[in-house]
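**Q** Before I ask anything, here is the structure I am working with.
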């Protein structure tokens, strides 16, 4: 997902509101962000404003969501697919808003802002966020015991990076340009072609 540090915004160059400078807890951040326009994340107590997304980004994000939802429904799993907008808490000062998540068990109440136990987390990468998605977020997401899979999806070419938990400190990484991605748990598969062919979407290059 696209993001930029609020403190880097030049008021003369952007219409985005300036981010508050005091460091926040996740609870304070959620109260601040609820109902506020735009998307934000909290990293070590600092609010990060996310930049506008390109068409390629939101198209592959939608196709991924549809592919995950279709797979969950086909297996009749007690799981829920969440688009962007939901937050996942890493610790008391860090909370991210992935491009998609899957969690299992009882459905979150209508007033929920957090997904407490995500099993699958998805980020669509961009030039602005590539290092963070593959570095800080990779380490942070697997701090959560419930996370079994972290998918990083390229919007500009057919490329899915699948990080899978294999043990407490063992993460297996696979690169997919075709074929089928096995997501177990919770117990379903998604074809790469469904991500890059869903919703009439195809990347600019393959």
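**Q** Could you work out the mean projected area of the convex hull around the alpha carbons of the stretch 110-154, in square nanometres to one decimal?
**A** On the way: hull surface 14.8 nm².
Computing the convex hull of the Cα atoms and averaging its projections yields 3.7 nm².
**Q** In a GNM of the chain with a 10 Å cut-off on Cα contacts, which of 179, 35, 105 has the highest mean-square fluctuation?
**A** Taking springs between Cα atoms under 10 Å, the residue moving most is 35.
**Q** Quick check: residue separation of residue 171 and residue 55 times 0.36 nm, minus the Cα distance between them. What number comes out in nm?
**A** Full extension from residue 171 to residue 55 adds 38.6 nm.
**Q** Among DSSP beta bridges whose residues both lie in the stretch 57-178, state the antiparallel percentage, nearest 5. Write down the numbers at each step before the final one.
**A** Details: 24 of 31 bridges.
Given both bridge residues lie in the stretch 57-178, the antiparallel proportion sits at roughly 75 percent.
**Q** Sticking with this structure for a sec: Using bins 10 angstrom wide from zero, how does P(r) for the stretch 21-103 break down, in % of all Cα pairs?
**A** Pairs per bin, as whole percents: 17, 40, 30, 12, 1.
**Q** Given 5 Å bins starting at zero, what is the percent of C-alpha pairs of the chain in each, up to the one with the largest pair distance?
**A** Going out from 0 Å in 5 Å bins, the chain shows 1, 7, 16, 19, 20, 17, 11, 6, 2, 0, 0 percent.
**Q** Going by alpha carbons, how many degrees (0 to 90, nearest 10) lie between the helix axis of 55-75 and the longest principal axis of the chain?
**A** So the helix axis and the longest Cα principal axis differ by about 50 degrees.
**Q** Please give the calculated 222 nm ellipticity per residue for the chain, where each DSSP H segment of at least 4 residues contributes -39500 (n - 2.57) and the sum is spread over every residue; nearest 500 deg cm²/dmol?
**A** Taking each H run of at least 4 residues, the total per residue is -6500 deg cm²/dmol.
**Q** Let me ask something else. Among 61, 75, 191, whose mean-square fluctuation peaks in a Gaussian network model of the chain (Cα, cutoff 10 Å)?
**A** Residue with maximal mean-square fluctuation among 61, 75, 191: 75.
**Q** Continuing with the same structure: Report the residue, chosen from 172, 42, 128, that carries the largest GNM mean-square fluctuation when the chain is represented by alpha-carbon nodes joined by springs under 10 Å.
**A** Highest fluctuation among the options: 172.
**Q** To check my understanding: the extent here is largest minus smallest coordinate of the Cα atoms along each principal axis. What are those three numbers for the stretch 106-206, in Å, largest first?
**A** Projected onto its principal axes, the Cα set of the stretch 106-206 covers 37, 32, 29 Å.
Each value in this text was obtained by applying a stated rule to the coordinates, not by laboratory testing. This one's a predicted model, so the numbers in the text were calculated from it and none came from an experiment.
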